[in-house]
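Here the structure is laid out as structure tokens; the discussion comes afterwards.
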Amino acid sequence: MLPVYICEDDYEILCIQKEYIEKQILINGYDMKIVVCSRHPEEIIETAKNSTQRGIYFLDIELKSEPMDGFGLGSKIRETDPRGFIIYITAFGELAFETFRYHLEAMDYIIKDDMEKMLDGIKQALETITKRMCMEKGGEQKKFFTFKAMDVIKHIPIDEIMFFETSGRTHRIELHALNDRLDFIGSMQELEEQLGEQFIRVHRGYLVNICHIGELDLKHKEIHMSNGEKCFFSRNAKKLLLSKI
Amino acid sequence: MSLLAAWVYNILSTLFMFIFILLIAKLFLGWNIIKPSKKDYIIISCAVLSIIFPALMGAFFYTAGLFKKPLYIFEIITDYLTTLNMTLFMQSIFKKGWLKSWGATIFLCMLSNFSEYIIFIFIPGFQFHIAILHEFLLYILYSFLLTPLIEIILILILSKTEAGRITRHWINNYNNSTKKNILLSLYPATKYIANTINSENLIINKYSASTIITILIVNIILAYMEITEIQKQKLEAQQINIQQQNIYIKNLEEMQLEIHRFRHDYKNMMSGMYLSAKEGDIKAVQNFIQDMTSDFEHQAGSQIHKFTQLGNIHIMELKGLLLNKMELMQSKHIKYELEVLRPLLDTTFHRTDLCRCFGILIDNAIDEVCGKQNAYVNIMISHQEGFTTFRVKNTLYSEIDFHKIWLEGYSTKGEGRGTGLANYKKILERYNNVFPHTSVQDGYFIQELKIQE
């Protein structure tokens, strides 16, 4: 049972949303239940804090006469429920949705100017959540390399990572993946321990995903990765490399 | 004095000077010691150990009686060697770049020379006779206690006055100006030039006087150059400011026109709505209201929204850049959004570099989507406690070789382009608190730059 939380400062709209969501749960037999409908963000935080379950949150962005706005509420929720579904409902089109998605991993953004569109948006959000939950339960879980990049948490699919490279500067590591290239602070040794056997340290400065090794250039001590990138290996790692592939 | 004694003395005094300049660089220039890695420790110890060579040379020249010869060639050689040595030391500790370290070292040498000689300026022909014990002790007291004391007082005076501010400014912004480089690099030599003038009957000590006068002249010239440069920069900033305001006004006028147009439509709509309401057609009234709000959003709302976002940026240079790019995108009919949720007051990333980097990212985005269908660019600037994120996201049309985009000359647009990202990377290499992230996600190309404030 997924708990549903609604925070909206307009009482009338709050009632409409509540009624509609209840109806949708009944009609479609969703495994959800509304636990809090409130005009005050504190109530949402209090209840969510004591829940161990992943929640669904419908939040208003502009909360008049409240100490925090939807963004603040979202970040509070994320502290206790990192995997919950946050959907923002707002009167302002084109408000900063990318920012919300970037920092809070907000799932959707519904505009409430038009009542019909708003309800339709809610309906679709509920459908998407159910679909996602099904997928996570059923099929194989994609494994992610999750790490804190300063103020946000990033997830990179492990299977897409080519290699990690130390950069010239202290504690800085460059991640080379199929669709990502980024710098972060970390240590090779910790990464080696964290990622396990799929990755081998072929050089002081390189930690390579064995699944992506294309070919070895023994003469130049180079590894050609499956995406065309190259990295080096040390003499000591040669034997280990040859035994692994 | 034997060669060995002179050598040891030289080593000790240079070491003392090293520690002293370290302190002053930290206190007066506000330089921070970068946590050294293993390799750096080796370099630092090399720098310290290499003191022995200039010290030995100086000691040798001294005992061989080569000092105080015409042209002062040997003093000059020793001085340059010591200065080079110190530069190596400064660079390995503060990692501010060779040129800046060189400039700062010479400045600090000037400072210590100044404090060394200022006392004797009115005592002509004064010399310590090192061979006599009590005079030698006095000399030690003088060079290890009195001189540093004067230097500290000088620093205190400097840091409280405008002269200190200018000095700090030119050292910290020391750039590739050839004039400045020559002037500074000549200093260890120029201070002896005045010495060669033969003047027996002066009432002032000519060694002190010539050094001090040289130092003063060099510093005055430098300060003058710095002031003119600051003024030039101010003027440029003003010019940019005016340009920005022009764009701003132009945009406001356009917005006003749009609102005017909307007002016209709105009057028509109102009269239509009035009729519908009179007939009791609620559905039609609802539709009218709907149309009107979306119409307003379309015509003026989005423009107003963009300007509110822009208003959150308090870095003038960045605002100018964004205005410029926004106008460019508008003229190319690219749909774009700008998100600045919280006010951005300042960042530790150097402003010019920030504009260059962000400019490259936005230009790349524009290049990619220009003339394509559903072209969309999203620019996000987000300032959260301690971190600022700059992010450009655009629809991606061409397959890119993800790892090749960093190479100079690679471009999806044919030859003669593609220096952008290579440059971008080069700029970022200079910063320790900037973290880039490039990715392709769901058909979007995303470039992100995170700054740890």
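Summary table
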quantity	calculated
0 to 90° range, to nearest 10: angle between helix B:351-369 axis and chain B longest Cα axis	40 degrees
Filter on A:LYS33/A:LYS112; A:LYS131/B:LYS332; B:LYS160/B:LYS425 - keep pairs with C-alpha separation over 31 Å	A:LYS131/B:LYS332; B:LYS160/B:LYS425
Ranked B:PHE89, A:PHE144, criterion: other C-beta atoms within 10 Å, fewest first	A:PHE144, B:PHE89
Other protein chain Cβ atoms within 10 Å, averaged over every residue that makes up A:146-152	5
Histogram of C-alpha separations across chain B, 20 Å bin width, %	18, 38, 25, 14, 4, 1
Long-range HN-HN contacts of B:TYR376 with modeled amide H, under 5 Å	B:THR395
Karplus-derived 3J(HN,Hα), 6.51/-1.76/1.60, for each residue of the stretch B:314-322, Hz, glycine and proline x	9, 8, 3, 4, 5, 4, x, 4, 5
DSSP bridge pairs, the stretch A:75-211: antiparallel proportion in percent, nearest 5	85 percent
Kirkwood hydrodynamic radius of chain A, Cα pairs, Å	20.9 Å
Length-normalised contact order of the stretch A:21-114 in % [C-alpha pairs under 8 Å, at least 6 apart]	23 percent
Average beta carbon contacts from partner chains per residue of B:375-388, 10 Å cutoff	3
Helix A:11-28 vs. chain A, principal-axis angle (Cα, 0 to 90°, nearest 10)	70 degrees
On Cα atoms only, tilt of B:282-296 relative to the major axis of chain B in degrees	30 degrees
Calculated from backbone phi, Karplus (6.51, -1.76, 1.60) coupling profile of the stretch B:249-263 in Hz, x at Gly/Pro	4, 4, 5, 4, 5, 4, 5, 4, 4, 4, 5, 4, 4, 5, 4
Signed unit charges on C-beta, dipole axis of chain B, positive-most listed residue B:MET292, B:THR388, B:LEU275	B:THR388
Cβ crowding within 10 Å averaged over residues, with B:12-24, B:42-54 ranked highest first	B:12-24, B:42-54
Relative contact order of the stretch B:344-408, pairs being alpha-carbon contacts under 8 Å that are 6 or more residues apart, as %	28 percent
Sequence-distant residues sharing a close amide H with A:LYS33 (under 5 Å, placed H)	A:LEU2, A:VAL4
Cut-off 17 Å, label 7 Å out along Cα→Cβ of B:ASP353, residues of the stretch B:88-120 by amide N	B:94-101
Mean Cα-pair separation over length for the stretch B:87-186, i.e. relative contact order, pairs under 8 Å, 6 or more apart, %	35 percent
Candidate lysines for bridging to B:LYS267, where Cα separation is under 24 Å - those fewer than 8 sequence places away on the same chain excluded	B:LYS278, B:LYS283
Amide H within-cut-off set for A:ILE110, under 5 Å, with H built and near neighbours excluded	A:TYR88, A:ILE89, A:THR90
The protein assembly as shown pair-distance distribution - Cα-Cα, 10 Å bins, rounded %	2, 11, 17, 18, 16, 14, 10, 6, 4, 2, 0, 0
Under 24 Å from the Cα of A:LYS219 - lysines, other chains or at least 8 residues apart	A:LYS230, A:LYS238, A:LYS239, A:LYS244, B:LYS404
The stretch B:301-391 shape via C-alpha gyration tensor axes, a/c threshold 1.5	prolate
Nearest-20 debye value, chain B charge dipole, Cβ charges on Lys, Arg, Asp, Glu	720 debye
Separation between Cα centres of the stretch A:56-118 and the stretch B:232-293, rounded to whole Å	27 Å
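Every number in this text was worked out from the coordinates using simple rules, so none of it is lab data. All values reported here derive from a predicted model rather than from experimental measurement. Every residue, glycine as well, gets a Cβ built from its backbone with ideal geometry; the counts of neighbours run over all protein chains shown.
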